[in-house]
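Data block below; observations after.
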Amino acid sequence: MKTKVCGLMNLDDARLAVDLGAWAVGFVFYPKSPRYLSPTRAYRIISRLPSSVRTVGVFVNSTLAEVRRVSKQSGICTAQLHGDESPEEGSLVGLPIFKAFRLNRKAEIAQVSSFVSSCQAIEAVVVDAAVSDPSCSSGLWGGTGKLANWKWAREARQVTKVILAGGLNAQNIRQAIEAVQPDAVDVSSGLEEYPGKKSGKKMEEFFQVVS
């Protein structure tokens, strides 16, 4: 199973993820996140990783100019849009994109389908947990440790490639894969000692299950 390890903040964790078999590694460029990393620090990590690993930058409602600037400075090869970005904005980033959706009801599958059909740059959708927060229109933006709705994630897979996120860890990943049959999985908080610091033991246990 292809695995993306997200919320990385140091080279040792990133290298361990790659050594264990990560297909992609993710860096959060959302300033309000406890896992926020500046593009300069991200570049210092990315420049020392094998070129074969996919490097992904996570953005939340950044302007198009900001996404392009950070992408260039950090050296990422894919942009993951986790906010209310439009298909048109996604098409203009200049990189392949993953688009996150927090699916909570069947009607939202139509939104996934509409985005995919309208965005030329999209390669997959990330299905994350829908966690309410009155401070943002679409709920919390990820990294909450809460499970995504696996039923709707599987429905979304009928529309496009799905990367399953949301509270995944070594204890539930096998069940998640069986339930959703995703194209890849995305894990962050489930591998941490605390936000931004991965646990080597948790990472090893996780990859033993998914490999």
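The values are calculated or read from the model by the stated rules, or taken from the named source; none is laboratory data. Remember, predicted model here, so these are calculated numbers, not experimental data. In this analysis, Cβ positions are derived from the backbone assuming ideal geometry, glycine residues included, and neighbour counts consider all displayed protein chains. In case anyone asks, the SASA skips ligands and DNA or RNA and just uses the protein heavy atoms, side chains included. Shrake-Rupley method; radii C 1.70, N 1.55, O 1.52, S 1.80 Å.
The table that follows gives values for the structure above.
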item	result
Residue match in the range 64-79 (condition: among the charged types (D, E, K, R), open to solvent by 40 Å² or more (accessible area, probe 1.4 Å) and in contact with a Leu (Cβ under 8 Å, 6 or more places away or on another chain))	no
Criterion: within 25 Å of Pro182 (Cβ to Cβ), among the small types (Gly, Ala, Ser) and free of Cβ contacts under 8 Å to residues at least 24 places away in the same chain - qualifying residue of Ser33, Ser38, Ser52	Ser52
Complete set of residues in the range 53-77 that are within 18 Å of the chain's Cα centre (by Cα) and of a type in the set (Gly, Ala, Ser)	Gly57, Ser62, Ser71, Ser74, Gly75
Qualifying positions in the range 5-18 - closer than 21 Å to Asn169 by Cα and surrounded by fewer than 24 Cβ atoms within 10 Å (Cβ to Cβ)	Met9, Asn10, Asp12, Asp13, Arg15, Leu16, Val18
Every pair of residues 6+ apart whose Cβ atoms lie under 6 Å, when the first sits in the range 19-30 and is over 14 Å from Lys198 (Cβ atoms) and touching a residue at least 40 places away in the same chain (Cβ under 8 Å) while the second is open to solvent by 20 Å² or more (accessible area, probe 1.4 Å) and not aromatic (Phe, Trp, Tyr)	Gly21/Ser211; Trp23/Lys2; Ala24/Arg54
So Gly94, is it open to solvent by 10 Å² or more (accessible area, probe 1.4 Å) and not in a helix (DSSP H, G or I)	yes
Subset of the range 183-205 (residues that are in contact (Cβ under 8 Å) with a residue 40 or more places away in the chain and over 23 Å from Tyr30 (Cβ atoms))	Asp183, Gly200, Glu204
Segments classed as strands (runs of 3 or more DSSP E), wholly inside the range 146-211, with at least 1 members that are in contact with a Phe, Trp or Tyr (Cβ under 7 Å, 6 or more places away or on another chain) and within 16 Å of Lys4 (Cα to Cα)	162-164, 184-187
The range 178-206, residues that are among the hydrophobic types (A, V, I, L, M, F, W, C) and in contact with a strand residue (DSSP E or B) (Cβ under 7 Å, 6 or more places away or on another chain)	Val180, Ala184, Val185, Val187, Leu191, Phe206
Matching residues in the range 106-145 - criterion: being assigned to a loop (DSSP other than H, G, I, E, B) and modelled with pLDDT of 90 or more	Cys119, Gln120, Ala121, Asp128
Candidate set: the range 175-203, residues that are closer than 28 Å to Lys32 by Cβ and of a type in the set (S, T, N, Q); chosen: the one surrounded by the most Cβ atoms within 10 Å (Cβ to Cβ)	Ser188
Residue satisfying all of: in the range 19-47; under 16 Å from the mean Cα position of the chain (by Cα) and farther than 21 Å from Ser62 by Cβ; least open to solvent (accessible area, probe 1.4 Å) among these	Ala22
Enumeration of residues in the range 1-18 that are within 14 Å of Gly196 (Cα to Cα) and under 14 Å from the mean Cα position of the chain (by Cα)	Val5, Cys6, Gly7, Leu8
